[in-house]
Ligand SMILES: Nc1nc2c(ncn2[C@@H]2O[C@H](COP(=O)(O)OP(=O)(O)OP(=O)(O)O)[C@@H](O)[C@H]2O)c(=O)[nH]1
Ligand SMILES: [Mg+2]
């Protein structure tokens, strides 16, 4: 149990040419946290995204676009508060649920993961929905746990989970951020969330991105299994 408040939260994201979405996303975060949360944006944009983020008071770290996970990992590790919440910078995730995620961390969960598929995710492109169901099935089989949505972008983490594990994946980082803590015995919970249509253009190629995510799930589960076996001897 802990007693963190909204001022103990860092909301972090990667952004790549999200000028259409970033204003509404940052306003939603301010509304949900009474302006108390730290916001860290790792930006690789060639449009006005970084300027808009700074106008909203976010800490902006600029770097070349190198992929989703590279940006989100940098953002998670650059944040300074004990509760770290990730989102995409595209208007899809319900920022009004941030206080609920914080409550669950205070109840004792180490990771709270937004499950977009629970309510059907009808706003999700059909191919993405089937892909995400397949990633959840593959992860569940290999990790030995019943996981529902391993590629979600909205989660809350206790800061020490982020700092104690070495993260290796890029496009597959979201799956890694759920699978490694789960397989190491951290207290992980999936929480049903709504999922909205995206503002602006997608940055993910469904074919190459999907293949990368599947590869990450196979690699991460194999590494964690080996780690479990080593700890037995
Ligand atoms: N800094 C940075 N951010 C990135 C990069 N690639 C993607 N992003 C951001 O990472 C987040 C996830 O990308 P999305 O395009 O939303 O990918 P997705 O959620 O899988 O797919 P859709 O939401 O359906 O488009 C968004 O906020 C992107 O702007 C990158 O190379 N650098
Ligand atoms: Mg997205």
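Can you go through 5, 35 and tell me which one is more than 12 Å from ligand 1 (Cβ to nearest atom), closer than 14 Å to residue 156 by Cα and out of contact with any strand residue (DSSP E or B) (no Cβ under 9 Å at 6 or more places or on another chain)?
The match here is 5.
Determine whether residue 68 is in contact with a helix residue (DSSP H, G or I) (Cβ under 7 Å, 6 or more places away or on another chain) and either within 16 Å of ligand 2 (Cβ to nearest atom) or more than 18 Å from residue 198 (Cα to Cα) (or both).
When the stated conditions are applied, residue 68 passes them.
Looking at the range 201-208, is at least one residue at pLDDT 95 or above, under 17 Å from the mean Cα position of the chain (by Cα) and within 16 Å of ligand 2 (Cβ to nearest atom)?
no
For residue 86, indicate whether it is closer than 14 Å to residue 156 by Cα and within 16 Å of ligand 2 (Cβ to nearest atom).
Answer is yes for this residue.
Can you find, within the range 57-71, the residue that is nearest to residue 212 (Cα to Cα) among those that are more than 7 Å from ligand 1 (Cβ to nearest atom) and part of a loop (DSSP other than H, G, I, E, B)?
So, considering only residues that are more than 7 Å from ligand 1 (Cβ to nearest atom) and part of a loop (DSSP other than H, G, I, E, B), the one nearest to residue 212 (Cα to Cα) is 64.
In the range 183-200, what residues are more than 16 Å from ligand 1 (Cβ to nearest atom) and within 15 Å of the chain's Cα centre (by Cα)?
Of everything in the range 183-200, those that are more than 16 Å from ligand 1 (Cβ to nearest atom) and within 15 Å of the chain's Cα centre (by Cα) turn out to be 188, 189, 190, 191, 192.
Mind telling me which of the residues 49, 33, 59 ends up being more than 24 Å from residue 148 (Cβ to Cβ), over 13 Å from the mean Cα position of the chain (by Cα) and within 16 Å of ligand 2 (Cβ to nearest atom)?
Only one candidate passes the filter, namely 49.
Just for the range 82-127: of the residues that are modelled with pLDDT under 95 and under 22 Å from residue 24 (Cβ atoms), which one is farthest from ligand 1 (Cβ to nearest atom)?
Per the stated criteria, the residue is 119.
For the range 95-119, name all the residues that are in a loop (DSSP other than H, G, I, E, B) and within 13 Å of the chain's Cα centre (by Cα).
116
Does residue 159 satisfy the criteria of being touching a residue at least 12 places away in the same chain (Cβ under 8 Å), out of contact with any helix residue (DSSP H, G or I) (no Cβ under 8 Å at 6 or more places or on another chain) and within 15 Å of ligand 1 (Cβ to nearest atom)?
No: the conditions fail for residue 159.
Is the range 187-194 home to any residue that is free of Cβ contacts under 8 Å to residues at least 60 places away in the same chain, surrounded by 13 or more Cβ atoms within 10 Å (Cβ to Cβ) and touching a strand residue (DSSP E or B) at 6+ places or on another chain (Cβ under 6 Å)?
Looking through the range 187-194, none of the residues is free of Cβ contacts under 8 Å to residues at least 60 places away in the same chain, surrounded by 13 or more Cβ atoms within 10 Å (Cβ to Cβ) and touching a strand residue (DSSP E or B) at 6+ places or on another chain (Cβ under 6 Å).
Out of (1) buried (at least 22 other Cβ atoms within 10 Å of the Cβ); (2) farther than 25 Å from residue 185 by Cα; (3) more than 16 Å from ligand 2 (Cβ to nearest atom), what's the single condition that is false for residue 13?
The number of the failed condition is (3).
Take the range 72-81 and flag every residue that is surrounded by 22 or more Cβ atoms within 10 Å (Cβ to Cβ) and near ligand 1 (Cβ under 9 Å from one of its atoms).
Within the range 72-81, 72, 75 meet the criteria.
Could you figure out which of (1) over 17 Å from residue 69 (Cα atoms); (2) without any contact (Cβ under 8 Å) to a residue 40 or more places away in the chain; (3) touching a helix residue (DSSP H, G or I) at 6+ places or on another chain (Cβ under 7 Å) isn't true of residue 95?
Evaluating residue 95 over (1) over 17 Å from residue 69 (Cα atoms); (2) without any contact (Cβ under 8 Å) to a residue 40 or more places away in the chain; (3) touching a helix residue (DSSP H, G or I) at 6+ places or on another chain (Cβ under 7 Å) leaves (2) as the failure.
The values are calculated or read from the model by the stated rules, or taken from the named source; none is laboratory data. Note that the coordinates shown come from a computational prediction; the quantities given were computed from them, not determined experimentally. Note that we place each Cβ from the backbone using ideal geometry, even for glycine, and neighbour counts take in every protein chain shown.
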